[in-house]
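Read the structure below first, then the notes.
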Amino acid sequence: MCSWAIITGAGSGIWAALFQRLLQAEPNLHCLGVGRRSQNLEVTKQQVVSSRDENGASRAHTLSADIRTPEGIKDIVSALPKDACVKYLVHSAALLGPIGPLVKVDRPLWRQIIETNLDAPLFLTQASIPHLKQCEASTGKKARVLHVGTGAAHNSYIGMGPYSVVKCGLHMIYRFLSKELSDSILVGSVNPGSVDTPIQEQARGYDGPPEQFPKHQEYVALKQSGKIGQPANIAVYFHWLLSEIADDEYVAKEFVFRCSKRDHRWLEYSRSSDASVANYVKKVLPPPEAATVVIIFANIFVWLLP
């Protein structure tokens with residue numbers, strides 16, 4: 001039986017790259033990419049090379065749907081075969097919203113931000129539970145739901161109030177669902193850091209008062225330095241989390257890409273997957289802290305003692 005993956009926000013950024021990565025790496029997996037703009041989704045679909053199953057049917061599927069609405073969520077679930085086993089559900093659609101003081105946020109925009117970043121992941125997970133549970137029944141392995149976090153969820157970055165508030169809420173949804181659904185479904189979270197996506201482009205394009213968005217120049221400098229994350233490389237990291245990490249570890253903590261250089265498993269996986277990914281990790285990510293290195297050598301020294 002073929003398994004399925006659902007990726008929201010699949011028309012651009014990391015999520016378009018993840019759509020392509022999953023189809024390339026898992027030949028028995030069908031992928032449903034969901035987004036608002038059908039034109040962007042079609043571009044994503046056309047970039048996939050050789051994505052047919054053993055019967056000659058395409059494994060690349062796209063759907064234009066508004067995930068903020070009950071009708072949109074119903075359309076997503078209805079696009080799956082009746083007995084589909086959903087192996088992965090990746091909540092990656094996001095809306096940055098207006099940059100500026102939280103106290104001045106427009107109420108209709110506030111609702112859109114909440115509906116996109118908070119409501120949609122919760123209610124799409126709810127609606128997908130029968131298909132997610134089907135995965136364990138069919139394969140003996142639990143399905144995996146992945147939330148996409150951000151440092152803004154844990155820090156009050158001036159100018160990003162609405163985004164920070166809803167992402168903080170999304171983090172708590174992950175923490176609750178990882179416990180409530182643990183018997184049959186694994187819910188995890190990942191913070192990819194600063195990646196060259198439409199949200200980053202919007203942040204770099206800010207032209208208001210500097211004091212209302214102090215991080216603006218940091219984002220601009222990151223892009224100019226060439227050290228900003230690239231979607232194709234981050235997508236490989238996401239796939240590693242979804243396919244390789246043990247069940248208990250997957251749900252226990254939010255993974256942070258910036259810290260991944262300390263994980264020898266990821267470094268080995270990146271080298272075996274693609275040399276360009278390994279080179280990217282070596283170039284972009286900071287080295288482990290000196291304290292970590294000291295601890296490693298101390299452990300080796302103790303081990304060598306008679």
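The values are calculated or read from the model by the stated rules, or taken from the named source; none is laboratory data. In this text, all values refer to a predicted model and were calculated from it rather than measured experimentally. With ideal geometry, Cβ positions are generated from the backbone for all residues, glycine too; neighbour counts draw on all protein chains shown. Accessible surface areas use protein heavy atoms only, side chains included; no ligands, DNA or RNA. Shrake-Rupley method; radii C 1.70, N 1.55, O 1.52, S 1.80 Å.
Lys82 satisfies every condition listed in (1) more than 21 Å from Arg144 (Cα to Cα); (2) more than 19 Å from the chain's Cα centre (by Cα); (3) open to solvent by 10 Å² or more (accessible area, probe 1.4 Å) except (1).
Evaluate the following for Tyr269: is it in a helix (DSSP H, G or I), modelled with pLDDT under 95 and either buried (at least 18 other Cβ atoms within 10 Å of the Cβ) or under 18 Å from the mean Cα position of the chain (by Cα) (or both)? Here the answer is yes, as Tyr269 does meet what is asked.
Here is a yes/no grid of residues against (1) open to solvent by 10 Å² or more (accessible area, probe 1.4 Å); (2) outside any loop (DSSP other than H, G, I, E, B); (3) touching a residue at least 12 places away in the same chain (Cβ under 8 Å):
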position: Leu89; (1), (2), (3): no, yes, yes
position: Ala93; (1), (2), (3): yes, no, yes
position: Pro98; (1), (2), (3): yes, no, yes
position: Gln112; (1), (2), (3): yes, yes, yes
position: Glu115; (1), (2), (3): yes, yes, yes
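Restricting attention to the range 169-187, the residues that are open to solvent by less than 60 Å² (accessible area, probe 1.4 Å) and either of a type in the set (S, T, N, Q) or outside any loop (DSSP other than H, G, I, E, B) (or both) add up to 12. Starting from residues that are farther than 13 Å from Val77 by Cα and in a helix (DSSP H, G or I), keep the ones in the range 122-147 and report whichever is most open to solvent (accessible area, probe 1.4 Å). Checked the range 122-147; the qualifying residue most open to solvent (accessible area, probe 1.4 Å) is Lys133. Can you list the helices (runs of 4 or more DSSP H) found entirely within the range 199-262 that contain at least 2 residues being within 20 Å of the chain's Cα centre (by Cα)? Per the criteria, 231-244, 247-252. Residues in the range 189-208 that are of a type in the set (Gly, Ala, Ser) and over 16 Å from Val236 (Cα atoms): Ala203, Gly205, Gly208. Of all the residues in the range 148-168, those that are under 15 Å from the mean Cα position of the chain (by Cα) and part of a strand (DSSP E or B) number 1.
Quick check, is Ala10 among the small types (Gly, Ala, Ser), buried (at least 18 other Cβ atoms within 10 Å of the Cβ) and at pLDDT 90 or above? It is false that Ala10 is among the small types (Gly, Ala, Ser), buried (at least 18 other Cβ atoms within 10 Å of the Cβ) and at pLDDT 90 or above. The numbered conditions (1) β-branched (Val, Ile, Thr); (2) more than 29 Å from Asp247 (Cα to Cα); (3) out of contact with any Asp or Glu (no Cβ under 9 Å at 6 or more places or on another chain); (4) at pLDDT 95 or above are all true for Val145 except (2). Of all residues in the range 32-65, those that are surrounded by 16 or more Cβ atoms within 10 Å (Cβ to Cβ) and either part of a loop (DSSP other than H, G, I, E, B) or of a type in the set (D, E, K, R) (or both) total 6.
Yes/no per residue for (1) surrounded by fewer than 20 Cβ atoms within 10 Å (Cβ to Cβ); (2) out of contact with any helix residue (DSSP H, G or I) (no Cβ under 9 Å at 6 or more places or on another chain); (3) more than 22 Å from Arg21 (Cβ to Cβ):
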site	(1), (2), (3)
Ser189	no, no, no
Pro209	yes, yes, yes
Gln217	yes, no, yes
Ser225	yes, yes, yes
Phe238	no, no, no
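As a summary of the residue check, Lys74 satisfies the conditions (1) free of Cβ contacts under 8 Å to residues at least 40 places away in the same chain; (2) open to solvent by 70 Å² or more (accessible area, probe 1.4 Å); (3) closer than 25 Å to Glu42 by Cβ except for the one numbered (1). In this structure, Thr197 does satisfy being within 30 Å of Ser260 (Cα to Cα), out of contact with any strand residue (DSSP E or B) (no Cβ under 8 Å at 6 or more places or on another chain) and at pLDDT below 95.
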